[in-house]
Structure formats: C-alpha cells, structure tokens
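Inspection log for the structure reproduced underneath, given as structure tokens.
No lab work stands behind these numbers, since they all come straight from the coordinates. This is a predicted model, so every value here is computed, not measured. Backbone-built Cβ (ideal geometry, glycine too); neighbour counts: all protein chains shown.
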Amino acid sequence: MRAIQVSRHGGPDVLEFVELPDPTPKPGEILVRVAAIGVNFIDTYQRAGIYAMQLPYIPGSEGAGVVVAVGDGVESPSPGQRVAWCDAAGSYAELVTMPAHVAVAVPDAVSDEVAASALLQGMTAHYLLDGSSHPKPGDTVLIHAGAGGVGLVLTQIAKAKGIRVITTVSNDTKEALSRDAGADEVLRYGDDLADRVRALTGGVGVAVAYDGVGADTIDQSIAATAVRGTVVLFGAASGPVPPFDLQRLNAAGSLSITRPKLGDFIADPNERAWRAGDVMTGISSGTVNVHVGHSYRLAEAGRAHTELEARATTGSVVLLPIS
Ligand SMILES: NC(=O)c1ccc[n+]([C@@H]2O[C@H](COP(=O)([O-])OP(=O)(O)OC[C@H]3O[C@@H](n4cnc5c(N)ncnc54)[C@H](OP(=O)(O)O)[C@@H]3O)[C@@H](O)[C@H]2O)c1
C-alpha cells in the first residue's frame with residue numbers, strides 16, 4: 001500500500017509518501033480500504049514531537065472507508081460495510097487496521113469526506129458541551145477559532161441546545177463562516193477581547209470559555225469568564241499554556257479550569273456509541289453541517305499540515321488516497 005511515513009520529528013517536510021507492506025487484521029480487528037482521511041491539529045503536534053511518537057510511524061487517526069477483511073472473532077462490521085473511525089493509528093494510508101469496536105457505521109446520506117472528518121471534531125464538540133462542561137439553554141459561551149474544524153461544529157451543536165455563542169476568528173472569510181454556523185457574535189482576537197465579551201454579556205462574562213488556541217488566548221479566556229464559570233482548555237494551536245498559578249482562579253471569580261481529551265470521553269463503549277450516534281444523526285438530519293474546507297491528495301499531506309498550521313484552512317481538512 002501507499003502511505004505517509006514519519007521517520008523523524010520535524011516540519012511538514014518529514015511527511016514522506018512511501019510504499020509499505022499491506023497490513024493484515026489480527027484477531028478482533030478489521031482491515032479497511034481508506035476512502036478519505038481526516039486531518040486534525042493533533043497530527044501536527046505528533047509530527048513535530050510535541051507529543052513524542054515511536055518512530056517510524058504512519059500519522060493520522062481518523063478516516064472513512066470500506067471494510068475489506070476481518071480478523072478472527074469479528075462478527076461486526078462485515079466486509080463491504082462503510083465505516084468511519086477517529087482513533088485508528090496509521091490512518092494516513094490506503095489501508096488501515098483497527099479494533100472492530102472503534103468502527104462506526106456510516107449512513108448512506110453521508111459522503112466519505114464528511115464521514116472521514118466528522119467523528120473526531122464532532123465527538124469533541126459533543127463532550128465539550130456535555131461532559132467537560134454543561135452549559136444550559138440561555139447561557140452564553142465563548143468559542144475560540146470559531147471557523148476551525150472543531151469551532152464550526154461546536155457552534156452548531158451549542159446553538160441547537162439554545163446556547164448563545166460568541167466566537168473569535170482572524171479574518172472576514174472566517175467571520176462569515178462562523179456566522180453561517182450560527183454564531184451570535186463574532187470577534188477578532190486582541191488584548192481587549194475580555195472587555196468586549198463582557199460588554200456583550202451585561203458585564204457578567206461567559207458561562208464557559210472553550211479555548212483550543214492555548215498560549216495566545218488563555219489570559220483573555222479567563223478574564224472573559226463569569227464568576228463560578230468554567231474555562232475548558234482543549235488544545236494548543238498557538239502553543240502550550242505555560243505553568244499556571246491556581247490562585248488566579250480565585251481572583252478571577254472562583255473559576256474552574258479543565259484540560260480534557262476526547263479519549264477519556266469515549267473510552268466506555270456505551271458513551272462512544274451515544275456520542276458517535278448523535279454526531280452521525282445530526283449530520284444525516286441536517287442539524288450539523290460539516291464544512292470540509294480543503295481536500296488534498298494523500299501525497300500532499302505536507303501541504304495540508306503547512307496550511308493548517310498557518311491558519312490558512314477553514315472547517316475540516318481531508319486527504320484522499322488517490323494518485
Ligand atoms: N482535547 C481534545 O479532545 C481535542 C480534540 C480535537 C481537537 N482538539 C484541539 O482543538 C483545536 C482545534 O483543532 P482543529 O483540528 O479543529 O483545528 P482548527 O481549529 O481547524 O485550526 C486551528 C485554528 O486555530 C486558530 N489559531 C489561532 N492562533 C493560531 C496559531 N498561532 N497557529 C495556528 N492556529 C491558530 C486558527 O483560526 P483563526 O485563524 O480564526 O484564529 C486556526 O485555523 C486544536 O487545538 C486541537 O488540538 C482537542
């Protein structure tokens with residue numbers, strides 16, 4: 001098969017397009033022919049070595065495709081079935097194996113590109129709103145990077161729950177996308193962001209600030225959050241947040257802060273099935289529109305990473321294993 005391989009940590013140039021032996025499914029696993037691959041910000045952290053990986057490795061964890069073989073003991077899914085997944089290591093490839101239980105059935109109405117980029121960002125949005133925090137209808141929340149992959153889906157699910165949404169974006173194109181997703185107010189970043197958020201909330205601040213940008217935004221996220229509110233730091237697109245004096249949470253109004261990851265909110269099979277089912281149903285029914293902003297050939301994975309890291313993408317990014 002053809003795949004992307006990383007043999008040393010570094011910039012996008014370490015993503016090499018290579019020929020590798022076809023994988024075979026072990027007992028309990030399925031083998032999938034990949035139709036589309038979801039590119040996520042975590043793929044760039046792993047490539048750069050921010051999260052150290054065992055080298056060499058095939059990047060990626062998300063995609064959609066068709067089951068071509070199953071290992072011993074697998075009853076479902078069966079060969080020929082369309083599936084999507086968000087936690088199969090080595091997904092930047094034409095073929096990938098994974099434990100059968102991580103595969104999610106894809107409804108006919110959902111395209112390969114959408115299915116390939118729906119689960120990781122969609123289930124993240126799902127647990128951010130119902131897991132790591134619990135905003136209520138009528139609450140106001142702040143969502144950074146509102147036109148990004150997670151940001152667009154998070155905005156739509158929040159709006160469907162009756163929550164008022166304020167987002168941040170870096171340019172007019174992204175502002176238009178964020179508004180289309182339902183954002184009530186769209187702001188630019190800046191040192192006075194918290195003041196502008198407070199002006200939009202009667203001086204109170206937001207119930208929850210969702211911060212996947214990290215180093216550049218965390219101070220404004222804390223300053224924009226209401227007394228007894230929650231800051232959910234879920235990523236580090238601008239770099240990791242430095243060590244933090246917890247006393248700041250007292251001074252800011254008895255805030256809570258959490259640093260969650262998706263894996264902890266889908267480890268239980270029933271919880272995974274609930275979140276994945278809601279995401280796929282939301283897409284099929286039109287409540288959630290996954291905006292696939294960019295598709296690249298698998299061989300162009302380096303370009304995809306360059307553009308994602310340069311803030312040049314909107315919505316989801318996919319790779320297609322075509323020549
Ligand atoms: N913890 C979890 O469970 C979990 C799961 C999935 C994703 N995440 C995190 O969620 C965040 C969003 O992921 P995504 O895949 O959907 O990416 P994305 O939001 O599509 O891309 C990142 C966006 O962050 C904004 N940004 C602000 N400052 C930036 C900087 N210095 N460099 C790069 N981008 C910057 C950019 O939007 P603007 O140009 O509008 O600012 C950029 O488009 C990432 O931090 C990711 O690690 C966490």
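Using amide H atoms built in the peptide plane, which far-off residues or other-chain residues are under 5 Å from Ala209 H to H?
Leu142, Thr230, Val231, Val232
Contact order normalised by length for region 231-323, with contacts defined as Cα pairs under 8 Å and 6 or more residues apart; what percent is it? Write down the numbers at each step before the final one.
Details: 71 pairs, mean separation 21.2, N = 93.
23 percent.
Once you charge only the Cβ atoms, +1 for Lys and Arg and -1 for Asp and Glu, what is the size of the charge dipole of the chain about its Cα centre, to the nearest 20 debye?
Values: 24 positive and 35 negative charges, 96 e Å.
Result for the chain is approximately 460 debye, rounded to the nearest 20.
Sorted by packing (mean other beta-carbon atoms within 10 Å per residue), highest first, where do 266-277, 115-126 land?
On the way: 266-277: 15.1, 115-126: 28.1.
Highest-to-lowest ranking by the protection proxy: 115-126, 266-277.
Lys/Arg Cβ at +1, Asp/Glu Cβ at -1, dipole of the chain taken about the Cα centre: which of Ala147, Val186, Ala215 is farthest positive-ward?
Going by the Cα projections, it comes out as Val186.
May I ask for the angle, rounded to the nearest 10°, between helix 149-160 and the longest principal axis of the chain, with both axes built from Cα atoms and the value confined to 0 to 90°?
Once rounded, the angle reads 60 degrees.
Between Pro21, Pro107, Pro260, find the one with the highest GNM mean-square fluctuation for the chain; connect C-alpha pairs within less than 10 Å.
Pro21
What size of dipole, in debye to the nearest 20, comes out for region 268-320 about its Cα centre when the only charges are +1 on Lys and Arg C-beta atoms and -1 on Asp and Glu C-beta atoms? Please list the in-between numbers first.
Values: 5 positive and 6 negative charges, 30 e Å.
That gives region 268-320 a dipole magnitude of about 140 debye.
Quick check: residue separation of Arg8 and Asp22 times 0.36 nm, minus the Cα distance between them. What number comes out in nm?
Details: separation 14, 0.36 × 14 = 5.04 nm, distance 2.21 nm.
That works out to 2.8 nm of additional length.
For every helix of n ≥ 4 consecutive DSSP H residues, a contribution of -39,500 (n - 2.57) applies; sum these over the chain, divide by its total residues, and give [θ] at 222 nm rounded to the nearest 500 deg cm²/dmol. It would help to have the intermediate numbers written out before the result.
Values: 10 runs with 89 residues, N = 323.
-7500 deg cm²/dmol, from helical runs alone.
Which of rounded, prolate or oblate describes the chain when judged by the alpha-carbon gyration tensor and an a/c cut-off of 1.5? Write out the running numbers ahead of the final one.
Numbers: a/c = 1.94, a/b = 1.65, b/c = 1.18.
Because a/c hits 1.5 or more and a/b exceeds b/c, the chain counts as prolate.
If we count other beta carbons within 10 Å of each Cβ, what is the order of Asp191, Asp264, fewest first? Don't jump to the answer; show the numbers that get you there.
Details: Asp191 9, Asp264 12.
Least to most surrounded, the residues fall as Asp191, Asp264.
For a quick protection proxy, order the peptides 48-55, 230-237, 152-159 by their average other-Cβ count within 10 Å, most packed first. Could the numbers behind the result be given before it?
Working: 48-55: 11.8, 230-237: 22.1, 152-159: 25.8.
Ranking the peptides 48-55, 230-237, 152-159 by packing returns 152-159, 230-237, 48-55.
Restricting to the chain, compute how many DSSP beta bridges are antiparallel as a %, nearest 5.
Values: 28 of 53 bridges.
Percentage antiparallel, nearest 5: 55.
Once you keep just the Cα pairs under 8 angstrom separated by 6 or more residues, what percentage relative contact order results for the chain?
Values: 741 pairs, mean separation 57.7, N = 323.
Once normalised by length, the contact order is 18 percent.
Below 8 Å between Cα atoms, with a sequence gap of 6+, how large is the relative contact order for region 123-235 in percent?
That works out to 25 percent.
Where the centre of each part is set by its Cα atoms, how far does region 1-76 sit from region 153-197, in angstrom?
With region 1-76 and region 153-197 each reduced to a Cα centre, they are spaced 33 Å.
Using the per-residue mean of other Cβ atoms lying within 10 Å as a proxy for protection, in what order, highest first, do the peptides 239-246, 304-311 fall? Numbers along the way, then the final one.
Values: 239-246: 10.5, 304-311: 18.5.
Going from most to least packed, we get 304-311, 239-246.
Step through the residues of region 72-86 one at a time and calculate ³J(HN,Hα) from phi using the Karplus curve (6.51 cos²θ - 1.76 cosθ + 1.60, θ = phi - 60°), rounding each to whole Hz and writing x for Gly and Pro.
Taking θ as phi minus 60°, the curve returns 4, x, 8, 9, 8, x, 10, x, x, 7, 7, 9, 10, 7, 10 Hz for region 72-86.
Ordered by residue, what ³J(HN,Hα) values in Hz, to whole numbers, does region 88-96 give under the Karplus form 6.51 cos²θ - 1.76 cosθ + 1.60, where θ = phi - 60° and Gly and Pro are x?
For region 88-96, the Karplus-derived couplings read 10, 4, x, 7, 7, 7, 6, 9, 8 Hz, x marking Gly and Pro.
Karplus couplings for region 19-26 from phi (6.51 cos²θ - 1.76 cosθ + 1.60, θ = phi - 60°), rounded to Hz, Gly and Pro as x?
9, 9, x, 5, x, 10, x, 7
Please enumerate, by chain and number, the lysines with C-alpha under 17 Å from the C-alpha of Lys136, excluding those fewer than 8 residues away in the same chain.
Lys159, Lys161
Using the alpha-carbon atoms, what tilt in degrees (0 to 90, nearest 10) does helix 269-285 show relative to the longest principal axis of the chain?
80
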